[in-house]
Every structure is written in structure tokens, then in C-alpha cells.
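Asker: Sharing a structure with you now.
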Amino acid sequence: MNIKIPVSWLREYLKTDVAAKTMASYLSLAGPSVERVVKHKEEYIFDIEITTNRFDSASIFGLSRETFAILKSKNEKADLVAPKGQDFQIQPETKDLSVVDVLIKDKTLCHRFTAVVIDNVKIRQSPAIIKHRLESSGVRAINNIVDLTNYIMLELGQPMHAFDFDKISNGKMILRESKSGEKITTLDGKKYVLPQGVIVIESGGKLIDLCGIMGGQNSQITRRTKRILLFVQSYDPIRIRKATMALSIRTDAAARFENGVDVEAIPKALARAVYLAKQVSNARISSEVIDILSNKPKQKSITLDEAKLHSYLGFKLPKEKSIKILESLGFKVNFQNQTIIAIPPSWRNRDIKDDVDIIEEIARIYGYHRIPSTIPQGKIPNEISSNLEHVIKLKNDLKVLGLTEVMTYSIISNNLLALSQTVKNKVVELANPLTDQWQYMRPTLLISLAQVAAQNQYIKDSQKIFEIARVYLKKQKGLPDQPLILAIALTNSNFYEAKGFVENISGIIGRDLKIYKLKKKHLTQEDLSAAISEGSEQVGYFGLIDSKISDYFELNGPLYVVEINLTEIFNKAQAPKSYKKIHKYPPVIEDISVIVAEALEIGDILELLGKTAKPLLTKADVIDVYRDKKLGENKKSVTVRLYFQKAGGMPTPSDVATTRGQIISALEKTYRAMVRK
């Protein structure tokens, strides 16, 4: 919302010699943004943007309070003067008092309702200064009473309304919710059919006010009006907002009511209105003041630890400076045990909620531009904001490898869930499933891919399919874990083809994926499966699908599957790529055969060779595994091809013999291996 502020009106309450353009610059740096400064004749006018959380500054006096605090922080001379008449004592001045009877059907509709009747009113044009200020603010002048209500709204930010009291039936009014289909004609002559729940005022069986939005035509002030009911109130913001949206009406009053007004300042606004009415229309007070308070806001006391303030600001601000800033904004402040205790003023009761709001107030008035700039310290986060680019590239590369992408449902049946072998406390169950086929969010993609393979096995013998999608694993609190998974299914395949795809994927995504013996059973057969790890953590597995799954889907041939957790991989920092110069000289190649225990894993042998024979040994491949009773009980022979290479030239026979001796010695000592000759 943008408002126009005549600087001469602002200076009535803000006594300062600071130039208008300098004042606008200060405001934009630490408060509401002054979008334009326009000079009209001898008047400067600020065009100011007011954010929805700071409607306390959407008025002349509200902006004066804000500017005063900012100028004081800049060590500029400034004084804040309250509008006259806010403490005016409203006492009846006539013998025959007018009687006002107000019934509020639901206290949640109206938090506070104040009203008073004035008579002996003379309807005429407003004084020149009021007309000038209204028109400079973009409001058309009408007559002294209507202009007065607009003047109070612009000056104090409090909407108010005036009725011709003689048009109110016996002075009785009922404030209630509208019934569906009720009609009202507003001051602008437009007719509206109301929905259920709009706040209205009824008198004598007819609607006279569309509360918080616009008055009714049947109670408007005319030249013949002698008695006027002035009332200032606070309505339920949510109902006002719903009403304006339903009826497509936008007024300045509605904009203020739907963002909340200062309930405690309502009596002051009424006193100010009566004070001015006596000056502009020779009015006399002819009734007692009505003040119905149904919902008084609770006073907040917010504590702010000084260490937290310094941590957020990035430097130590003297406590005297913090206290001075808050007090200039209207806060009541106390300091105890390194803690600031602040009570917000009534006009900030809606937007000041906790200690970080207090920090924001101190920081902005001090000046964000004055806070020292420092480079953030700490560990650089590894999390990638979006993995979409990597996923798209991976999908395209998998297609080049001959795989076909499929998309399956995220919801599975109870039977398919049983095949997934997932414990119940990890399963996300739908509260209201449409059918028994869609009951659970899937915890794995492999069951879905096995189902696709079974459904298409008579169309194509050899299928190579993949899917990249999320699975769902329940947590004790909050939303379920939703890791991104790559799953591959290969029909009529073998272990080595599945292993080849894993190695290709490792190169595609630029990660060093290692293959180890599977220690924990998943959805594959233990003797024909392997784990996939990155570093010390397992990120997936592959192998022949469990026979229970293949039997359930009646698969004709072997089905090998791969499942990799892409979320775990992408969340880890990727090791920087390094360049290794190609050796100028060819390697010396030798084979070595050793008899070891059947239980010893090939990977353990290769790992030992890598640790023992560096840097001369650049590569080691297992080329044969031989088993025979002649080797001994539970024994096997493993033949490894060794590649010896160095950067400065060909390895000498002496170099190779020395390294080979180290390898043999390590195998004999570590695994009691016997070298075959």
C-alpha cells in the first residue's frame, strides 16, 4: 500500500529543521521506503510504500513517530509532539441527552466500539488547511464532518465513521453478521447482495453500515443534518478481508482494518475527533461516551539476551545505544543480568512477537548500512540446491547405455508392500486409500520394476529398464524421508552385466563407487549380490532378485536389479578432479598365483597389494580363480596380473623383483598364502 504524506503536516508533530529530501533518505535507509518526493507549489509530498506488517506507520503521526526515532539515531535535533485533543475530556454539554443503545451480537466481531453523539452541527466546507491536507494526500474534500473522519484516518491511522443520528431508529443499533441474501446500498450508490458472515449494523430492521468498509446511503450526512453519531471501532481483520474479497470492494478504511488497528488508541482518536468537530462545526456533546471493550490485547514482555543481539549484529553494540533506540520507538525497556527486557507499545502489538523482532528494530534504526561487512566463517555447506541437472544428464547417459526409462506409481498395494520386506514403522500408509491396490507409499522401486518386467516378459525377452524417483520412509515426527533412488532391472541377465552398469554409473556421476560383499540382506539373493559404497558408507546394492519376488511375478528367467541412493551421493561433496600424466614407458607385466582360504575375499587381496606395492604397482587384476581338492580343504587358487610402471623409465628387473618379494611376504604374513610356482 502506498500513501501520500504532505511534509508540512508531518512537521506539525515532528519538530525538526532537517530538509525534506534528507528526511526521505533517512526514512528509506531505516524505515518505510520513500519512493518519490514530489514538490507541488510550496509543498513537498512523500509517496511512501507501507508494508502489511507495519500499518502503524500508515498515518501522519505514525510516520512522525518512526521518523523521530530514525533522526535521533542520526544525532539530528528532533522533537515529537502529539496531536492536540487526544486527552480531551468528553463530557455532555446539553440538558436533553441523546440515548445510544448498541448491541453487539458476537464479541469476536468487534474488539472495541466507542461512540458519542454531537448536536448543533452546521454542515459546511472544511477550513482551508484541512482541505489542503486531504487533497495533498489524495482524498477529495466533501464537507466538514465527512472530511473530519478522513482527516482522523490519515492523521492517526484510525478509520472512523459518522452517521446522521436522526436516521437511526430510536438510537438503537445491532452489530451482527449478515444473513445470506441481505441487501445494502452504500454511500457511493452501489447496491450489494451480501453473503453470510459480513459484519453489518442494523437499525430499525434495515442495514445502515457495511462495517469497516463503507457506510450505508440511508444514514449518510446531508446539509440538513443536525445531530451526528461519531464512532470509532476495531473489527475482526479476517472477516473484513473476507468481506472485501467477496464483494470486490477496496477502501482505505478496509485496508487498515484488515491489517489491524491500535485498540488502546481508539478512545484518543474519538477524543481528537470531538475536539476538532467543536472547532469546525460549532458542535456540542449531547450524549455519554459509549466504550465497549470485548478483547483487550495482552501486554507482551520480551526478553533479549545481549549475547544473542551481538551474535546477530556481528559486533558489540553498547547497551545504552540499544536501550535508547528502543525507547525512541516507544518501548518500555529494562536491563537486567545482561538481558534486555522490552515491552512493545500498543501500536506495535501485532508485529513484535519475539526477540528476533527486537533485534531487527535495533538493527534497522542503527542502520543496516553501518553494520560491518564480514565474510561468513565456518564449514562450506555441501548440500546442492538442486540436483535436477545431474538427474537429467544421468537419464540421458543411461539411455545411451541401452536402458529404457519407465515411470511407475508411487502408491502400492499391501501384497507388493509385503514383498518389499519393509518393517511397518517405516511404512507411510494412506489415511483414506481409494482402493486396496493403492494403500501405501512405496519404500523401494525394485518391486515396481519387477512388476513391469513381468508384465512385458512375453513382449520382449531381454529387458533393460530403469527409473529415477523418490521412495518414502516414515519417521517418528514430521514428513517422511524421501530419498531419490535410481533403480535398474535387467531380465535374462547375469551378475557381471549388472556390475558393468554400476561401474558405468560411477563414471557418469563422477563418484568413486566401490563394490563389496553384501553384509546385510536386501531384496537380492545373498550369494549373487554385492554392496555399492562411496567412501565408508553403503549407498546401494545389486544382484539377483530374491526368489520370493520372482516367484510372485512368475518371471521366466533371472532378473538382476540395481538400487542406488542418489540423495546420499549428491549430498556429499564431490572430490575435485585431478589430472594424471600418461606413462611414457610401457609397464612390466607379471602374474602371481597364490593359494588362500576359500573364505578370503578377492577384494581383500587386491587392497593388500595396493597398500604394499605402491608406487611401482600401478594396477592389479584378478584373471583366474581355480578350485580343486588337490589344493587342500577349503582352499582356492587366485591368479593376479600385476602391472609395474614408473614415470622415469622402464622398471628394472631388480625393482620388479624387490616389489614382488614385498607382495609375497605381505600375502604370507597376512593371509598365510602359499605362492604357486
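Please treat every number below as a calculation from the coordinates, not as lab data. Keep in mind that this is a model prediction, so the values were computed, not measured. Please note: Cβ atoms are built from the backbone with ideal geometry, for glycine as well, and neighbour counts cover all protein chains shown.
Asker: Could you let me know the centre-to-centre spacing of segment 511-578 and segment 62-99, using Cα atoms, in angstrom?
Answerer: Segment 511-578 and segment 62-99 have Cα centres spaced 74 Å from each other.
Asker: Which whole-number percentage describes the relative contact order of the chain, with Cα contacts under 8 Å and a sequence gap of 6 or more?
Answerer: Computed value for the chain: 9 percent relative contact order.
Asker: In addition: Per residue of the chain, what 222 nm ellipticity follows from adding -39500 (n - 2.57) for every DSSP H run with n ≥ 4, rounded to the nearest 500?
Answerer: My calculation for the chain gives -9000 deg cm²/dmol from helical runs alone.
Asker: Go through segment 573-582 residue by residue and turn each phi into a ³J(HN,Hα) via Karplus (6.51, -1.76, 1.60, θ = phi - 60°); whole Hz please, and just put x for glycine and proline.
Answerer: Using θ = phi - 60°, the values come out as 5, 7, 5, x, 6, 10, 9, 10, 5, 5 Hz.
Asker: In addition: Please report the spacing between the Cα centers of segment 626-677 and segment 139-170 in Å, no decimals.
Answerer: Each part reduced to its Cα centre gives a spacing of 101 Å.
Asker: Suppose every K and R has +1 on its Cβ and every D and E has -1 on its Cβ; what is the size of the dipole of the chain about the Cα centre, in Debye to the nearest 20?
Answerer: 1040 debye
Asker: Once every Cα of segment 101-293 carries one equal point scatterer and solvent is ignored, give the base-10 log of I(q)/I(0) from the Debye formula at q = 0.10, 0.13, 0.15 Å⁻¹, two decimals.
Answerer: -0.36, -0.63, -0.87
Asker: Separate question: Here are some pairs, K519/K548; K72/K319; K41/K268; K172/K298; K475/K521; K577/K614; which of them have Cα atoms lying more than 24 Å apart in this structure?
Answerer: K41/K268; K172/K298
Asker: Have a look at S64, P237, N150 and report the one farthest towards the positive end of the charge dipole of the chain, computed about the Cα centre with Cβ charges (Lys/Arg +1, Asp/Glu -1).
Answerer: Going by the charge dipole, the pick is S64.
Asker: Which distance in nm do the two modelled labels at Q196 and V423 give, with both placed 7 Å along the Cα-to-Cβ direction?
Answerer: Each label point is offset 7 Å from its Cα along the Cβ direction, giving 4.9 nm.
Asker: For Kirkwood radius over Cα pairs in Å, the listed values are (i) 29.3; (ii) 33.3; (iii) 26.2; which was obtained by calculation from the structure presented?
Answerer: (ii)
Asker: At what distance in angstrom do the alpha carbon centres of segment 230-283 and segment 177-227 lie from each other?
Answerer: 15 Å
Asker: Of the listed pairs K39/K190; K84/K226; K517/K629, which have alpha-carbon separations greater than 31 Å here?
Answerer: Cα-Cα > 31 Å for K39/K190; rest within.
Asker: Counting other Cβ atoms within 10 Å of each Cβ, which trypsin sites (Lys or Arg not before Pro) in segment 600-657 have at most 12 and sit in a DSSP loop?
Answerer: R627
Asker: List, in order, the whole-Hz ³J(HN,Hα) value for each residue of segment 271-285 obtained from phi through the Karplus relation with A = 6.51, B = -1.76, C = 1.60 and θ = phi - 60°; use x for Gly and Pro.
Answerer: Residue by residue, segment 271-285 yields 4, 4, 5, 5, 4, 6, 4, 5, 7, 8, 9, 6, 6, 10, 7 Hz.
Asker: Given Cα pairs under 8 Å that are at least 6 residues apart, what percent is the relative contact order of segment 101-293?
Answerer: 34 percent.
Asker: From the square roots a ≥ b ≥ c of the eigenvalues of the alpha-carbon gyration tensor of segment 2-80, which class results: rounded (a/c under 1.5), prolate (a/b over b/c), or oblate?
Answerer: Verdict is rounded for segment 2-80.
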